[in-house]
Amino acid sequence: MGITIQQLSVFLENREGRLDEVLAVLANNDVNIVALSLADTSDYGMLRMIVSDPNKGRAVLKENEITAMLTDVVAFRVPHATGSLSKAMHQVVEGDVNIEYMYAFANGQDASAVLKTDDPSRVADILRGSGFDVWEATEAYASNANL
Amino acid sequence: MAAVTLENWVERIRDLKIECMSSDEMAALQSRRLADVVNRAYHNVDFYHKKMKALGVEPGDIKGIEDIHKLPFTTKEDLRDNYPFGLLAIPKKDVVRVQGTSGTTGKLTLASYSQKDVDVWGECVARCLAMAGLTEEDILHVCYGYGLFTGGIGLDLGARALGAMAIPMSAGNTQRQMMCMEDFGATAIACTPSYALHLAESLQEAGLVSSLKIKAGIHGAEPWTEEMRRKIESILEINCFDIYGLCEITGPGVAQDCIHHAGLHVNADYFYPEVLDPATNQACADKETGELIFTTLSKEAMPLIRYRTKDLTSIDHSTCECGRTTPRISKFTGRTDDMKVIRGVNVFPTQVETALLGMGGAVAPHYLMIVDREENMDILTVMVEVDESVFSDEIRKLDALKNKIGAVLKQALGVSVRVKLVEPKTIQRSEGKAVRVIDKRNIE
C-alpha cells in the first residue's frame, strides 16, 4: 500500500479577517501548521494544510463552525537538484495518474511537495518506486526543524 | 386506528348539489350572490360607497361574476383604518359575535358576524369535516385555541353543524390533552400541524397511540409541508387534512383538501376566489401562481369585496378525483410581501427553497437572496451555504456545484442567478421569520 497522509482542507469565505480566525483556532489548540497553500476564487478561498494533528485540527475547526475536511494526499522529498520535480512529475504522468493540485514547502535541507491526485495510494508507490522519499504520516506531521 | 388507504376510502360529500355543481350553475349562483353583496356594500358601507364612486362603478354595472374585475380591492390596511366596526353592513345590534387576529403591528384585525354568518361558517367547516371522513358519530377533540382566534370556535361550530361531538379542549397542557383523548375516545383531532406533531410524539413516547380511536386530523392556521403531514399520519396512523381560512373572510373552513391532497377545495359558493398576478392585477391562468383574492358572496355583517390575502397560490378549476367541482387552491408558496420583480419576472423566495430542496440533498436549503442593480440591470445573487456534506478540497468541484445550483435556479425562476457559496451558519435559520431577501435597489 502506498503511503498517504491527511491534508486539512478549509473553506474560507471572502471576508476580512477570516483567515486570521481560522489560524487562531488552530494556534489556540496547539495544532501546528507544517505546510500550507491558499487558493482564491472570486468569492471564496481554499486553505489546504499539512498540520501536526489533522483529526484534532478538523475537530477544533468544526467546534468553531468552520467547514473543513480531511483529504488523502502524498508528500515527498524533492532534492535540491535541477530537474528533481520534473523527474517526479514525469513518473506520475507515465503512471497515468491525474494531478488535481500541488504545492511545495521548505523542509530542512530539501524541499517537499504535496500532491493531490485521483489515486493517492498509487502515486505514492510510483514515487517511491522511482527513488523518491515519500513521507510517512509521523514524519510529515512533525515540525520540519526535526527532519 | 389504522389510517384508511385511498382504495378503501369512502368519500362523504355533505352538500352534493353545491360541491359537485356544474360550472355554469355555480357561476349563476355566484353571479346572483355577487350582485347582492355589492348592492349591500354600496348602500350600507361608506368605505365601499366611496371606493366604488371613485372608480365610477355602480352596483348596476355588476351583472355577473365575470364583472368582478371592475370592483375595487380591499386590503388589510383598509381593515385597520376602519377598525373596529367601520365596515359593518348591518346595524351593530345584529352582530352576534366578533373574532379577531393579532397583527404584527399590534392592533387586532376584527371581523363581525351576524347569526347567518355564524351558520354559514359552521356549514363550511362541516363540509370540511365530512371531507375528512367524519359523520355525526364522530368525536372531535379541538385543541385549537378558543377565544378571539377563529380556530377553536370554528371547528366547534363545524362539529355542531355536522352533529358530531366536540370536545373544547383549547390549546396547551399536553398531558391533559392526552388523557382526555384516551378517556373520551376522540376519533378526530383539530389543531395546528406543529402542535399535532408535538402531541403525536408525546403520545408515542407515552405508548398511548394504540389505545386511541383517532382516525383523522384536521390541521391548519400555519404553513406545513407534505413531510410533516406524512410524519403525523405515520405516528398516529391517521389521515390528515389541510384546512384553510382567515378571520377576515370567516375563519377555518374557507377551504380544505380532500383525501387526494390535490389542492384545497374552496367553498366557492360563499367565498369567491381569484388568483391575480400581484404586479399587474391581471387574472392568472389555472395553475399559475399569483395572489389569492376573496370576495365574501353571502356575508351580512362585514362583507369584503376583493380582499387581498397576500397569500400566493394557484388555482385549479378541473373536477377533482373525489368528485367535487369546487375550485382547488394549491398549498401556499409564500406571501406577496416577499415577492421581487427582477428584470420583469416575479420571483418568490419559496421558489428558491423548493429548487434547492429539489436537488436531492446536494445543498442545504439555507439561502439568502440579494437583489441589486448594476448599470441599470437587476442582479439576483443567491447565497448558498457550503456545509461539510458538499465541501470539497477541489475548487473544480465547488465551481461545478456552483454552476449546477445556478442552472437549477435559472430553470426554476426564469432569471439568471449569481450563486455565491458562503460558510455554514452565515445565513439566518428559518425558525420564526427569517430574512430571505435583501433588496438593495433604490427604486422610487
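The values are calculated or read from the model by the stated rules, or taken from the named source; none is laboratory data. Predicted, not measured: the structure shown is a model, and the values here were computed from it. With ideal geometry, Cβ positions are generated from the backbone for all residues, glycine too; neighbour counts draw on all protein chains shown.
Scanning the stretch B:1-44 for residues that are within 26 Å of the chain's Cα centre (by Cα) and of a type in the set (F, W, Y) gives a single hit, B:W9.
Scanning the stretch B:383-414 for residues that are within 12 Å of chain A (Cβ to nearest Cβ) and outside any helix (DSSP H, G or I) yields a count of 12.
When the stretch A:59-74 is filtered for residues that are under 16 Å from A:Y103 (Cα atoms), within 10 Å of chain B (Cβ to nearest Cβ) and buried (at least 21 other Cβ atoms within 10 Å of the Cβ), only A:V73 remains. Residues that are over 15 Å from B:A364 (Cα atoms) and within 14 Å of chain A (Cβ to nearest Cβ) were ranked within the stretch B:415-428; the one that is surrounded by the most Cβ atoms within 10 Å (Cβ to Cβ) is B:V417. The criterion of being outside any loop (DSSP other than H, G, I, E, B), exposed (fewer than 11 other Cβ atoms within 10 Å of the Cβ) and within 28 Å of the chain's Cα centre (by Cα) does not hold for B:K51.
For the stretch B:344-352, indicate whether the set of residues that are of a type in the set (A, V, I, L, M, F, W, C), assigned to a loop (DSSP other than H, G, I, E, B) and outside the structural domain of B:E288 (by TED's automatic domain parsing) is non-empty.
Kept after step one, since they are of a type in the set (A, V, I, L, M, F, W, C), are these residues of the stretch B:344-352: B:345, B:347-348, B:352.
Filter once more, so that each one left must be assigned to a loop (DSSP other than H, G, I, E, B): B:348.
Checking the rest, the ones that are also outside the structural domain of B:E288 (by TED's automatic domain parsing) come to B:348.
Yes, the conditions are met somewhere in the stretch B:344-352.
Only one entry of B:E66, B:E7 meets the criterion of being at pLDDT below 95, in a helix (DSSP H, G or I) and exposed (fewer than 14 other Cβ atoms within 10 Å of the Cβ), and that entry is B:E7. Is one or more of the residues making up the stretch B:237-250 over 15 Å from the mean Cα position of the chain (by Cα), in a strand (DSSP E or B) and farther than 30 Å from B:A28 by Cα? Scanning the stretch B:237-250 turns up at least one residue that is over 15 Å from the mean Cα position of the chain (by Cα), in a strand (DSSP E or B) and farther than 30 Å from B:A28 by Cα.
Residues that are part of a helix (DSSP H, G or I) and within 12 Å of another protein chain (Cβ to nearest Cβ) within the stretch A:35-58 comprise just one, A:R58.
For (1) closer than 29 Å to B:Y272 by Cα; (2) touching a residue at least 12 places away in the same chain (Cβ under 8 Å); (3) surrounded by 22 or more Cβ atoms within 10 Å (Cβ to Cβ); (4) not small (G, A, S), each residue gets a yes or a no:
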site	(1), (2), (3), (4)
B:G133	yes, yes, no, no
B:G163	yes, yes, no, no
B:P168	no, yes, no, yes
B:G185	no, yes, no, no
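Please return the ranges of helices (runs of 4 or more DSSP H) entirely within the stretch A:78-147 where 3 or more residues are over 14 Å from A:I3 (Cβ atoms). Give the steps one after another, and end with the answer.
Numbers: elements: A:84-94, A:120-129, A:137-141.
Of the helices (runs of 4 or more DSSP H) lying wholly inside the stretch A:78-147, those with at least 3 residues that are over 14 Å from A:I3 (Cβ atoms) span A:84-94.
Of the residues contained in the stretch A:4-22, one or more are found to be of a type outside the set (A, V, I, L, M), under 17 Å from A:D119 (Cβ atoms) and more than 10 Å from chain B (Cβ to nearest Cβ).
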